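I have placed the structure first, in the form of structure tokens, so that the comments after it can refer back to it.
Please treat every number below as a calculation from the coordinates, not as lab data. All values derive from a computational prediction rather than experimental measurement. Glycine also receives a Cβ, built like all others from the backbone with ideal geometry; neighbour counts cover every protein chain displayed.
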Amino acid sequence: MPFRGPSTELWITLEIDTSKFEALVTHNVTDISVVEELKKIARAKLRAAAEILLSAMISNVPVDTGFLRDSLRIEDVDEDSVRVGTDTDYAIFTEYGTKYMTAQHWMAESLAQAETAINQTLSN
């Protein structure tokens, strides 16, 4: 495999902490199915929050050929986290710039625009 150098992938990871649900089993809730249902609801909210962020990214990403925009996606990291972004070789350069290209900060702007809606989705 050829050497590619440092990673040029660009991701934002969203996480939820479901570990406290386990404590419910020993303290308040005796039915494990209730805890599993709470986890399922929390994961659905996490996915909805990721969709909000993805939508903002698609709206803000600079478009030349459309390849970068079309590469944006949500990936599961584990049961309690997802990441939103891309693994294209040049996305990081469009975000942070180079000595030849001005930074466009489309990902940071997307997160700032979506932050309130994400927090509302996760807290309701």
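Structure summary
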read-out: Between the range 51-79 and the range 93-124, the Cα center-to-center distance that results, in Å; value: 11
read-out: Among 61-71, 104-114, the order from most to least packed when residues are scored by Cβ within 10 Å on average; value: 104-114, 61-71
read-out: Helical mean residue ellipticity (222 nm; -39500 (n - 2.57) per DSSP H run of 4+; nearest 500) of the chain; value: -17000 deg cm²/dmol
read-out: Estimated FRET transfer efficiency when R0 is 25 angstrom, pair V77-I41 (beta carbons, to 0.05); value: 0.85
read-out: Helix runs (DSSP H) in the chain reaching 20 Å along axis by Cα, Kyte-Doolittle at least 0.5; value: 32-60
read-out: Rg ratio (alpha-carbon, reference 2.2 N^0.38 Å) - the range 10-123; value: 1.31
